1. For region 29-87, what class follows from the C-alpha gyration tensor (a ≥ b ≥ c being the square roots of its eigenvalues): rounded when a/c is under 1.5, otherwise prolate if a/b is larger than b/c, else oblate?
2. Note the angle between two axes, namely the Cα long axis of helix 61-94 and the longest principal axis of the Cα atoms of the chain, as a number of degrees from 0 to 90, rounded to the nearest 10.
3. Which one, [x] 41, 12, 8; [y] 23, 22, 11; [z] 20, 16, 13, gives semi-axes √(5λ) of the Cα gyration tensor in Å as derived from the coordinates shown?
4. Quick one: Karplus J couplings for region 4-13, per residue in order, coefficients 6.51, -1.76, 1.60, θ = phi - 60°, nearest Hz, x for Gly and Pro?
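Just so it is clear, none of the values below were taken in a lab; they were calculated from the coordinates. For clarity, every value in this text was computed on a predicted model and none was experimentally measured.
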Amino acid sequence: MDLMGMMGKLKETQQKIEDTKKRLDTVLIDEQSTDGLLKVTLTANRKIKSITIDDTLLEDKDQLEDYLILTLNKAIEKATKTNEAELDAVAKMDMPMIPGMDNLFK
């Protein structure tokens, strides 16, 4: 087993994971309420970029709060799936097959 080669490969993979994380800051996820009155955009790293609220929602605080919770949760779920799929692909693509190592990326 070439330990030095594997260490180099690990470093390379870590760098690719860092690069992917940076790139995911530029991947935007859009989500909106079913009626389109509330729109949110966040990065695949789950940072909120924008929230657009229709004026009609400003009249009902409870409704607005419900809309925010529902729509943000849907957006976060989408962003998380994108994030995990991207990082998973990088990790799997470059990892030498070492027994037990696949658990590190879960």
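1. Numbers: a/c = 2.90, a/b = 2.52, b/c = 1.15.
Prolate, since a/c reaches 1.5 and a/b exceeds b/c.
2. 20
3. For semi-axes √(5λ) of the Cα gyration tensor in Å, the calculated option is [x].
4. 4, x, 5, 5, x, 5, 4, 4, 4, 5
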